[in-house]
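Working notes, structure below.
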């Protein structure tokens with residue numbers, strides 16, 4: 001298998017080979033049988049980024065609108081975070097659900113936030129461990145087969161992909177992201193599962209909070225209608241695709257209005273509470289995010305010079321979280337949920353010397369120092385602004401790639417003033 | 001390691017990488033320390049072929065002239081035979097010698113014919129098993145590192161390579177053979193071991209006998225001065241390089257005369273007897289080759305049509321030996337030493353219908369039938385002769401590749417009428 005992975009990594013796999021591999025991986029485990037449910041069953045997958053807490057907002061939001069969301073997530077590795085680690089910063093939250101428990105929860109209220117178990121595509125776990133050991137992780141056909149084998153075992157009627165691009169993305173180049181999107185769309189079609197992919201920006205962190213508990217806090221604000229605009233735009237864009245795929249909205253415009261109501265009415269936040277309670281967590285965090293783990297040391301990072309924020313490098317921020325103890329370099333590393341950053345300044349902001357750019361949340365003074373060093377690297381202050389990537393730039397479906405024609409609300413939306421975590 | 005082998009197979013290894021790999025493989029085991037010996041210590045390695053019993057003649061011949069020959073050989077696999085299997089057709093012959101026993105034997109009379117033990121480059125054995133399992137055997141850098149790690153651990157002062165080319169060779173194309181030769185010459189130089197390579201023909205079997213005991217018989221005839229001309233020419237060409245490398249002859253012409261005397265005086269045959277006796281075998285086979293294992297069934301293969309022998313395909317002959325039970329498709333297969341072929345007709349011979357072309361030696365009637373089928377495939381009878389490859393075509397050294405300028409004796413030599421095995 002190690003030799004096969006290296007051959008696939010170097011030579012690639014053709015369409016038939018990826019299809020056969022994906023089928024073999026699915027067949028190595030059980031499937032989540034949801035055929036008895038009449039509602040659409042839709043999951044979302046992101047290729048991962050820094051500050052990407054979209055899943056935490058999207059799953060309860062879309063589920064509160066009657067869509068069944070069996071969301072299977074992963075852990076953080078390298079500079080990107082993972083939804084399971086974020087969820088586990090909620091005291092008591094269990095992500096290790098058996099397929100039978102997940103099914104009962106989906107039957108009851110339509111959402112479960114779970115990790116990959118030994119039941120679903122166990123071959124993928126073993127292959128992933130070998131890919132890690134053989135340096136063959138970054139292979140588009142192997143990534144596509146790995147993701148799709150898990151998703152297709154969930155009994156979905158549709159899947160939405162968030163393919164990140166830019167310096168902080170797993171695959172920074174647009175072309176490679178599109179290649180991955182097309183391959184996963186093809187694999188979905190082969191199994192009767194329609195897949196829509198959006199290409200979104202990861203040349204800067206998404207939202208403000210970066211770090212496990214901090215991101216949960218920001219997600220809670222978002223579910224209450226107080227999320228930062230970029231996070232809301234990406235969440236709404238992905239959510240609209242999910243609702244349309246599920247048949248829960250006739251078009252993305254209607255879908256968006258439904259999502260606004262779900263948030264303003266409190267139903268989306270309520271759904272999150274319900275999920276937390278069902279999975280053993282402390283549902284009171286939704287009312288009172290201060291119940292989340294709190295870092296002992298808090299310090300402001302200020303602008304070392306005047307100028308324009310040219311870039312906020314996600315990889316430097318992500319490495320900073322690892323330096324603080326909030327991320328992993330190896331799968332067996334333990335994660336401190338309390339640490340991280342709140343990034344206040346955005347690319348294009350004009351800043352004065354000494355102006356606060358971010359807050360560091362750390363375990364101790366050494367963590368503060370490490371955080372300062374990481375942020376000094378992350379913030380590139382220059383004479384001129386650099387144009388950031390469009391937040392959502394392309395939409396990819398079976399019929400091809402099209403520029404993302406943002407609904408007027410995405411381009412002009414006036415989001416309410418958001419609440420910054422702490 | 002499996003992933004590394006596949007990467008090396010597909011991408012190749014550069015010069016430094018092959019060097020590092022070879023050193024690591026040597027250092028995984030012990031070395032044969034022969035530094036106390038004043039005589040030159042020379043081995044020969046062949047890339048293998050059908051009917052290639054050169055080692056059986058060359059080692060005693062060159063050792064009888066005062067050169068120390070610590071010859072480490074392998075087993076047959078696929079269509080090519082292996083020296084160890086041939087030697088083991090002599091009753092009692094032990095090829096599993098410890099390095100200490102081999103050293104004592106070399107001290108005593110200058111020659112040992114041994115297999116790779118766990119002492120020499122054990123990493124190579126493990127890597128070879130993995131290469132076999134991962135289909136990465138046919139990689140020039142991996143082949144070079146494998147061969148040279150074993151040879152360089154023998155404490156040699158020089159090495160002669162017989163790189164076969166043509167349809168029956170492991171690497172049929174001249175260019176690939178030259179590439180392998182140059183790489184092994186470089187690796188030798190890195191370890192202070194001068195290496196000379198000759199490119200020889202394997203577009204037809206070498207000599208007449210093909211099969212373990214039959215080849216030992218032919219080798220004994222050769223040591224007595226009754227070998228077939230092509231076998232003698234290749235043996236003398238390689239032996240002359242060994243003698244010159246060892247400083248035992250000032251030039252190849254003198255070397256050849258010394259070899260002729262060693263054979264005509266009986267000293268070469270005596271040395272073979274001495275080796276056999278020292279390694280537990282029956283030395284009387286040298287006087288009486290009928291003591292070798294005898295096949296129960298013997299049958300003539302006759303020309304199915306009149307014409308010219310255009311080709312005698314070594315791979316078909318080699319597969320025929322496997323079909324008779326005399327070869328291996330897997331390393332763990334047992335080998336019947338008695339079976340094989342004596343090929344009487346050569347490319348270019350004009351033949352009549354029904355003229356005997358070869359003799360089949362088999363265990364039973366089924367073997368005879370299988371042998372007939374293989375030979376029907378091996379002998380290509382046509383209207384016109386096809387020019388065979390020159391027996392020795394190139395000489396490769398550190399300074400480059402040169403056409404093999406055969407000494408007059410190689411081009412014109414009148415070899416005595418040879419004795420055909422049985």
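Of all residues in the range A:329-343, those being buried (at least 16 other Cβ atoms within 10 Å of the Cβ), part of a loop (DSSP other than H, G, I, E, B) and touching a strand residue (DSSP E or B) at 6+ places or on another chain (Cβ under 7 Å) number 2.
Looking only at the range A:317-328, which residues are surrounded by fewer than 24 Cβ atoms within 10 Å (Cβ to Cβ) and within 15 Å of residue A:373 (Cα to Cα)? Outline the logic, then answer.
First, the residues of the range A:317-328 that are surrounded by fewer than 24 Cβ atoms within 10 Å (Cβ to Cβ): A:319, A:322-323, A:325, A:328.
Within the range A:317-328, A:319, A:322, A:323, A:325 qualify.
Filtering the range B:26-43 to residues that are more than 10 Å from residue B:156 (Cβ to Cβ) and surrounded by 21 or more Cβ atoms within 10 Å (Cβ to Cβ) leaves only B:26. Can you tell me which residue within the range A:284-312, out of those that are surrounded by 19 or more Cβ atoms within 10 Å (Cβ to Cβ) and out of contact with any strand residue (DSSP E or B) (no Cβ under 7 Å at 6 or more places or on another chain), is nearest to residue A:137 (Cα to Cα)? Among residues in the range A:284-312 that are surrounded by 19 or more Cβ atoms within 10 Å (Cβ to Cβ) and out of contact with any strand residue (DSSP E or B) (no Cβ under 7 Å at 6 or more places or on another chain), the one nearest to residue A:137 (Cα to Cα) is A:292.
Regarding residue B:131, is this residue within 20 Å of residue B:75 (Cα to Cα), at pLDDT below 95 and out of contact with any helix residue (DSSP H, G or I) (no Cβ under 9 Å at 6 or more places or on another chain)? Judged against the criteria, residue B:131 is not a match. Residue-level check: of (1) out of contact with any strand residue (DSSP E or B) (no Cβ under 9 Å at 6 or more places or on another chain); (2) closer than 17 Å to residue B:76 by Cβ, residue B:366 misses just (2).
Yes or no, residue by residue, for (1) at pLDDT 95 or above; (2) in contact with a helix residue (DSSP H, G or I) (Cβ under 9 Å, 6 or more places away or on another chain); (3) assigned to a helix (DSSP H, G or I):
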{"site": "B:371", "(1), (2), (3)": "yes, yes, yes"}
{"site": "B:384", "(1), (2), (3)": "no, no, no"}
{"site": "B:390", "(1), (2), (3)": "no, no, no"}
{"site": "B:410", "(1), (2), (3)": "no, yes, yes"}
{"site": "B:420", "(1), (2), (3)": "no, yes, no"}
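Picking from residues in the range A:1-52 that are more than 14 Å from chain B (Cβ to nearest Cβ) and on the phi > 0 side of the Ramachandran plot, the one that is modelled with the highest pLDDT is A:51.
Looking for something within 14 Å of chain B (Cβ to nearest Cβ) and buried (at least 24 other Cβ atoms within 10 Å of the Cβ) - is there at least one such residue anywhere in the range A:62-74?
Among the residues of the range A:62-74, not one is within 14 Å of chain B (Cβ to nearest Cβ) and buried (at least 24 other Cβ atoms within 10 Å of the Cβ), which makes the answer no.
Applying the condition of being under 24 Å from the mean Cα position of the chain (by Cα) and modelled with pLDDT under 95 to the range A:346-369 and asking which residue is nearest to residue A:298 (Cα to Cα) yields A:346. I'd like to check something: does the range B:64-73 contain any residue that is in contact with a helix residue (DSSP H, G or I) (Cβ under 7 Å, 6 or more places away or on another chain), touching a residue at least 12 places away in the same chain (Cβ under 8 Å) and over 19 Å from residue B:159 (Cα atoms)? No, the range B:64-73 contains no residue that is in contact with a helix residue (DSSP H, G or I) (Cβ under 7 Å, 6 or more places away or on another chain), touching a residue at least 12 places away in the same chain (Cβ under 8 Å) and over 19 Å from residue B:159 (Cα atoms). Provide a single number: the residues in the range B:260-280 that are over 11 Å from residue B:60 (Cβ atoms), touching a helix residue (DSSP H, G or I) at 6+ places or on another chain (Cβ under 8 Å) and touching a residue at least 24 places away in the same chain (Cβ under 8 Å). Qualifying residue count, the range B:260-280: 2.
The values are calculated or read from the model by the stated rules, or taken from the named source; none is laboratory data. On a predicted model such as this, the values are computed, not experimentally measured, just so you know. Neighbour counts run over all protein chains shown; Cβ positions are idealised from the backbone, glycine included.
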